[in-house]
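Before any comments, here is the structure.
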Amino acid sequence: MKALGIILAGGNSSRMQNLSDKRAISAMPIGGSYRSIDFTLSNMTNSHIQTVAVLSQYNARSLNEHLNSSKWWNFGRKQGGLFLFTPTVTANNSWWYRGTADAMWQNIDFLKKRHEPYVIIASGDCVYKLDFNKVMDYHIAKQSNITVVCAKVPDYDDVGRFGVVKMDHDGQIMDFEEKPMVAHSDIVSTGIYVIRRRTLIELLEQCNKEGRYNFVTDVLIRYKGMQKIYGYMLEGYWSNIASVKSYYQTNMNFLKPEVRDYFFRQEPKIYSKAYDLAPAKFNAGSNVKNSLIASSCIINSQVENSILFKKVFVGNNCVIKNSIILNGAYIGDNVYVENCIVESDETLLSNTSYIGKDEIKIVAENHNRYGI
Amino acid sequence: MSSKEMIAMLLAGGQGSRLGVLTSDVAKPAVAFGGKYRIIDFPLSNCINSGIDTVGVLTQYQPLVLNSHIGIGIPWDLDRNNGGVSVLPPYERSDNSEWYSGTANAIYQNLKYMEGYDPEYVLILSGDHIYKMDYEAMLDFHKQNNADITIAAIPVPIEEASRFGVVITDEEKRIREFEEKPEHPKSNLASMGIYIFSWPVLRDALVALKDQSNCDFGKHIIPYCHERDMRIFAYEFNGYWKDVGTLGSYWEANMELIDLIPEFNLYEEFWKIYTKQSMIEPQYISSTATVSKAIIGAGAEIAGEVTGSVLGPGVVIEEGAVVRDSILMRGVHIGKGAYVEKAIIAEGTQVGANTRIGIGEYAESKLNPKVYQFDLVTIGSKTVIPEGVEIGKNTAIHGITEASDYPNGRLESGDYIIKAGEES
């Protein structure tokens with residue numbers, strides 16, 4: 001195998017508001033049946049990458065639970081495997097991961113022990129399909145030192161969240177601005193990089209010596225004159241979920257037939273943990289329009305333009321509109337929900353109403369389920 | 001290999017001919033149930049939930065779907081270093097070779113498999129029933145009674161008892177008498193076809209009756225042991241247990257799952273039923289759809305009307321189509337404007353646009369009135385039904401059919417089209 005994978009899944013973002021109280025961004029539920037990290041994990045396994053390290057430190061419980069077995073993504077073979085690295089105290093280090101480069105540096109022994117010539121670095125917060133072999137072929141053809149996978153940002157107002165990239169006609173990156181106030185281009189870095197393993201080890205060791213910890217600002221931007229850095233354009237669907245607005249939009253995109261066809265029908269498929277849930281049940285009174293319904297949902301009333309994740313219960317005489325209801329939420333009778341994201345395992349009491357007026361409302365009230 | 005206290009032998013080789021075209025190309029235990037499961041998932045899940053991690057599955061009739069479903073047992077956590085699930089088909093020997101000719105004969109032919117685990121007890125199961133049962137509790141009962149054989153038995157209404165093998169017990173639950181489908185039953189305890197044998201008892205009986213033709217547990221092994229005055233006990237089971245051996249009972253058991261609070265609950269965390277999951281994506285219900293009183297599997301796309309039905313994974317119902325009181329197994333595609341009522345449609349079948357299924361008046365089946373007597377349209381797997389035809393009640397169809405197979409665009413009630421061997 002030519003490459004090993006590293007997924008930087010440690011992140012949290014204030015743009016996720018209280019959605020990230022419960023979990024790391026890469027564990028956010030997506031499209032009714034998935035979690036965000038499934039897309040990168042599936043892309044890696046579908047590209048025949050056999051060894052993947054997930055680096056995580058922020059609220060990793062959900063993520064740990066999700067990755068409890070590597071077999072869902074076909075890892076866990078004698079050759080390779082899925083590794084979850086959280087910070088540990090060692091004889092000469094007692095720090096948390098101080099940045100993306102530091103997270104990799106703290107696991108440099110893992111990088112040194114492997115034999116794959118290349119490393120694919122990716123984040124766990126993007127929804128996309130990508131054959132990493134194609135990126136590697138490009139990387140080799142361009143004799144690039146670091147290849148950055150780039151994409152057109154779907155929503156230009158959003159460009160300030162990303163590293164904005166300027167390429168020349170050959171694809172070499174001439175300029176890289178991290179989270180600019182005013183962007184000169186709508187081409188952004190997707191946070192996916194290809195680099196030779198030995199080069200990465202050298203750069204990480206150099207960084208650490210200089211007390212620098214961030215892969216983008218301290219490696220990519222600092223070295224852009226010294227190293228040949230190329231951009232590879234990801235042409236298919238790509239979306240980053242690390243803000244409430246884009247998280248909501250990314251999920252709602254799955255109501256579009258072309259997006260469903262791309263992710264649900266076309267090969268290669270996206271894999272996720274199996275939960276062995278019963279099929280969804282629609283009782284008398286259920287009236288569902290233009291919605292995605294996951295396994296084990298039980299529906300007794302009206303659901304429209306919404307996404308219901310697994311094990312959601314909707315009581316009698318409810319109206320659920322333009323909303324995302326996360327795993328295991330229980331919605332009592334006569335509840336009105338519009339433009340909301342309802343947190344997982346929430347209990348919405350009967351005769352209540354939740355409406356997102358100008359923006360998406362996040363419903364996280366932690367009512368006691370057994371009090372109703 | 002370390003020994004196991006109890007291993008299970010699951011008889012999954014039967015055709016289930018009373019399910020008609022549903023079992024044309026799959027064994028009965030592989031028939032889909034409840035929108036995502038196959039019948040064999042219930043005994044397999046019961047095994048792992050009861051702590052039994054060694055299961056031999058005896059296959060014979062049409063094993064392909066069953067084999068790929070079971071694989072190495074991953075969905076049931078039965079992929080084990082020691083034990084796990086083993087598929088046991090009939091095999092050739094240097095002196096002779098024979099098919100499995102009866103339930104006990106099949107087990108006899110796998111004596112070596114059982115010996116390999118040196119078990120104290122052997123649990124005999126069949127893949128015909130929908131139920132959740134703790135076999136460990138039954139084993140405790142077996143041990144407490146110092147029994148040679150324990151037979152699981154369920155109380156049934158006395159008027160129905162004559163359809164079953166009935167056991168008559170004394171106050172200690174020891175079985176004193178057996179009656180096979182008695183006209184005037186003396187007891188309402190019906191045998192469930194689930195047995196725990198102390199291993200030496202099973203081994204000796206199988207060897208003693210090895211030359212018995214079509215050697216069967218109910219007909220030969222149990223009577224043999226009973227005659228020798230062995231300790232045979234009835235373990236009374238009081239949960240949900242449903243035979244799905246006929247088209248009528250199969251349809252009914254599926255429909256019961258739709259009830260507001262079904263008697264057999266698949267939504268509990270406790271005692272989960274596991275299955276090989278081929279699809280994980282959510283289902284999409286479009287703005288033109290109407291869905292109520294239905295169970296729908298993962299990855300389905302519904303744009304038509306669905307009521308009173310159980311739909312498997314990946315089913316597609318196009319706009320304007322109507323599906324009522326039907327069972328559609330995985331991958332069934334119903335074309336635009338089609339109408340389907342009281343039908344069982346097996347996996348991968350395509351129904352053309354504007355075709356009407358299950359219309360007209362009931363008529364006796366010309367194919368087999370014993371099998372097809374429940375007023376249901378039964379359509380086998382990977383069948384193709386052309387656009388715009390009309391199909392009457394109590395009919396059976398299997399194979400790739402064309403408009404020319406339907407005189408005047410109709411298949412009359414009670415009629416059938418079987419084009420076996422013509423599927424691609």
Averaged over peptide A:289-302, how many Cβ atoms belonging to another chain are found within 10 Å of each residue's Cβ?
5
B:V306: net charge of surrounding residues, Cβ under 15 Å, Lys/Arg +1, Asp/Glu -1, itself excluded?
0
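What do you get for Rg/Rh over chain B if you use C-alpha atoms and the Kirkwood form of Rh?
0.99
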Per residue of chain A, what 222 nm ellipticity follows from adding -39500 (n - 2.57) for every DSSP H run with n ≥ 4, rounded to the nearest 500?
-4500 deg cm²/dmol
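What per residue convex hull volume, in Å³, comes out for segment A:56-212 when only alpha-carbon positions are used?
161
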Mean-position separation - Cα centroids, segment A:142-159 and segment B:23-43, in angstrom:
48
Working only with C-alpha atoms, what are the Rg and Dmax values of the protein assembly as shown, expressed in angstrom?
30.0, 96
Whole-Å semi-axes of segment B:281-424's equivalent ellipsoid, largest first, each the root of 5 times a Cα gyration tensor eigenvalue?
24, 15, 14
So for segment B:1-135, using the alpha carbon gyration tensor with a ≥ b ≥ c as root eigenvalues (a/c under 1.5 gives rounded; past that, a/b versus b/c decides prolate or oblate), I'd call it oblate
Taking every pair of distinct Cα atoms and averaging 1/r, then inverting, what Kirkwood hydrodynamic radius in Å comes out for segment A:1-114?
14.8
For segment A:192-205, in residue order, the Karplus 3J(HN,Hα) values (coefficients 6.51, -1.76, 1.60; θ = phi - 60°; whole Hz; Gly and Pro = x) are 10, 10, 10, 8, 5, 4, 5, 4, 4, 4, 4, 5, 5, 5
From Cα coordinates alone, what are the radius of gyration and Dmax values for segment B:223-345 in angstrom?
19.1, 68
For segment A:145-299, just say rounded, prolate or oblate: build the C-alpha gyration tensor, square-root its eigenvalues into a ≥ b ≥ c, call rounded for a/c under 1.5, and beyond that prolate if a/b exceeds b/c, oblate if not.
prolate
What distance in nm lies between label points placed 7 Å from Cα along the C-beta direction at A:R265 and A:T86?
4.1
What residues of segment B:228-264 lie in the reach of a label at B:D204, counting those whose backbone N is under 14 Å from a point 7 Å from the Cα along Cα→Cβ?
B:228-232
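P(r) tail for segment B:152-237, what percent of Cα pairs lie past 21 Å?
Percent of Cα pairs beyond 21 Å in segment B:152-237: 30.
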Is segment B:329-374 best put as rounded, prolate or oblate by its Cα gyration tensor, with a ≥ b ≥ c the root eigenvalues, rounded for a/c under 1.5, and otherwise prolate when a/b is larger than b/c, oblate when not?
oblate
Excluding same-chain residues fewer than 8 positions from B:K342, which lysines have a Cα within less than 16 Å of its Cα?
B:K293, B:K393
Rounded to two decimals, the Rg over Rh value of segment A:66-146 from Cα coordinates and the Kirkwood Rh reads 0.99
If the only charges are +1 at each Lys and Arg Cβ and -1 at each Asp and Glu Cβ, what is the size of the charge dipole of the protein assembly as shown around the Cα centre, to the nearest 20 debye?
2480
Over all pairs of distinct alpha carbons, what does the Kirkwood formula give as the hydrodynamic radius of chain A, in Å?
21.6
In degrees, nearest ten, helix B:135-144 long axis to first principal axis of chain B (Cα):
20
Given the pairs A:K71/B:K272; A:K142/A:K245; A:K281/B:K276; A:K112/A:K209; B:K210/B:K272, which span a C-alpha to C-alpha distance of over 29 angstrom in this model?
A:K142/A:K245; B:K210/B:K272
Contact order normalised by residue count of chain A, Cα under 8 Å, 6+ apart, percent:
15
Radius of gyration, Dmax [segment A:255-372; alpha carbons; angstrom]
14.4, 46
Efficiency by 1/(1 + (r/R0)^6): what FRET value for A:K152 and A:N18, r their Cβ-Cβ distance, R0 = 30 Å, to the nearest 0.05?
0.50
Projecting each Cα onto the charge dipole of the protein assembly as shown (Lys/Arg +1, Asp/Glu -1 at the beta carbon, about the Cα centre), which of A:Y271, B:Y362, B:A27 comes out farthest on the positive side?
A:Y271
Modelled label-to-label distance, A:N351 and B:K366, 7 Å Cα→beta-carbon offset: nm?
6.3
Using the Cα centre as the reference, give the magnitude of the dipole from point charges on the C-beta atoms of segment B:296-374 (Lys, Arg: +1; Asp, Glu: -1; all else neutral), rounded to the nearest 20 debye.
220
Pull up all non-local amide H partners of B:Y240: gap of 5 or more, or a different chain, and H-to-H distance under 5 Å with H placed in the peptide plane.
B:K132
Compute the signed sum of charges (Lys and Arg +1, Asp and Glu -1) over the other residues within less than 11 Å, Cβ to Cβ, of A:S70.
+3
List, largest first, the extents of the alpha carbons of segment A:43-87 along their principal axes, each in whole Å.
29, 20, 17
Cα-Cα pairs above 13 Å in segment B:213-262: how many percent?
73
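Every number here is computed from the coordinates shown, using simple stated rules; none is lab data. Everything quoted here is computed from the prediction, not taken from an experiment. A quick note on method: Cβ atoms are made from the backbone with ideal geometry, for glycine too, and the neighbour counts reach across all protein chains shown.
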